[in-house]
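Heads up, the thing below is written out as structure tokens.
The values are calculated or read from the model by the stated rules, or taken from the named source; none is laboratory data. If you're wondering where the values come from, they're calculated on a predicted model, not measured in any experiment. Heads up, the Cβs are rebuilt from the backbone with ideal geometry, glycines too, and the neighbour counts pull from every protein chain shown.
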Amino acid sequence: EPEEAEADTFARQIRVPGHSQEALASARVAFIGAGGLNSWNALGAVRSGLRNLTVIDPDIAERTNLTRQLYYADDLGQPKAHRLARNLLPHMTAGGTVTAIALGFEEALEDYPLAADLLVVGVDNNACRLEAARFATAQRIPAVFSMLSLDGMRTQSFLQGPDKDDSCLWCALPNLDPETSAPCRRRHLKLLSGLVLRPLLPPPRPDGLAGKHRAFQLAGVRSPRQGRGQPRACAKTG
């Protein structure tokens with residue numbers, strides 16, 4: 001476990017007008033997506049003193065992820081959410097807890113209660129973005145969205161406010177097609193279309209259960225809802 005942060009660790013950001021280190025340390029932030037955007041967003045957040053975060057992503061770490069996401073060779077074939085949680089631990093300057101849920105966002109909401117003060121949405125499909133926008137609106141919490149334009153030439157970021165009169169993502173971008181994914185994914189699939197790929201799967205569990213529905217918090221097991229999913233393990237430091 002890392003030692004408590006030195007008194008001057010956050011001295012520079014504390015001097016930024018409007019910044020509250022206490023608010024950051026006590027915030028509960030859910031990162032929807034654990035790829036090229038949110039693996040680095042989460043890294044910056046925990047280095048800045050965030051102590052309580054949840055990572056939600058249903059995907060498996062693949063070799064093509066290693067050049068641009070916070071994963072390593074021994075993460076291959078493992079759930080991204082779980083491995084990102086582990087990889088963030090050494091960077092948690094103020095200690096804290098990382099909850100990892102290896103499910104899609106809508107599925108995660110069905111299986112586990114999500115307590116969050118902020119959503120950070122960095123996914124490659126509009127259906128998940130719109131579901132996150134609906135959830136944030138219902139919970140009256142802010143949500144930050146980052147995405148790539150259809151032509152792959154522009155990035156877009158949008159802050160959805162928590163108040164009932166704030167515009168939601170759908171208000172700002174009414175032409176979002178829920179069936180459309182990011183162009184980077186389509187190009188990736190096109191490049192791979194002529195190859196024979198061996199799927200990367202999680203190792204079999206000793207109890208014979210399939211390995212895809214996994215939510216956990218590292219170091220400190222919590223019980224899930226009765227009859228739903230597996231225990232989730234929590235990444236605790238300090």
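Things to note:
- Selection status of Ala138, modelled with pLDDT of 90 or more, under 16 Å from the mean Cα position of the chain (by Cα) and outside any loop (DSSP other than H, G, I, E, B): no
- Summed over region 60-92, residues that are closer than 19 Å to Leu103 by Cα and of a type in the set (Asp, Glu) total 2.
- Per the conditions (1) modelled with pLDDT of 70 or more; (2) surrounded by 14 or more Cβ atoms within 10 Å (Cβ to Cβ), the sole criterion not satisfied by Arg186 is (1).
- Qualifying residue in region 8-30 (condition: touching a strand residue (DSSP E or B) at 6+ places or on another chain (Cβ under 6 Å) and not β-branched (Val, Ile, Thr)): yes
- Tabulated pairs, region 156-171, first touching a residue at least 24 places away in the same chain (Cβ under 8 Å) and closer than 10 Å to Thr137 by Cβ, second of a type in the set (Val, Ile, Thr) and in a loop (DSSP other than H, G, I, E, B), C-beta under 7 angstrom, 6+ apart or interchain: Pro162/Ile141
- Residue within region 45-67 that is among the hydroxyl-bearing types (Ser, Thr, Tyr), under 12 Å from the mean Cα position of the chain (by Cα) and buried (at least 22 other Cβ atoms within 10 Å of the Cβ) present: yes
- Of the numbered criteria (1) part of a helix (DSSP H, G or I); (2) surrounded by fewer than 22 Cβ atoms within 10 Å (Cβ to Cβ), the one Ser146 fails is (1).
- Only residues that are without any contact (Cβ under 8 Å) to a residue 60 or more places away in the chain and either touching a helix residue (DSSP H, G or I) at 6+ places or on another chain (Cβ under 6 Å) or of a type in the set (Phe, Trp, Tyr) (or both) were counted across region 90-122, and they come to 2.
- Residue within region 79-87 that is surrounded by fewer than 19 Cβ atoms within 10 Å (Cβ to Cβ) and among the small types (Gly, Ala, Ser) present: no
- Selection count where residues are among the small types (Gly, Ala, Ser), within 16 Å of Leu114 (Cα to Cα), buried (at least 19 other Cβ atoms within 10 Å of the Cβ) and touching a Leu at 6+ places or on another chain (Cβ under 9 Å), scope region 25-44: 1
- Taking the criterion of being under 11 Å from the mean Cα position of the chain (by Cα) and closer than 24 Å to Gln21 by Cβ, the residues of region 85-103 that qualify are Ala85, Val98, Thr99.
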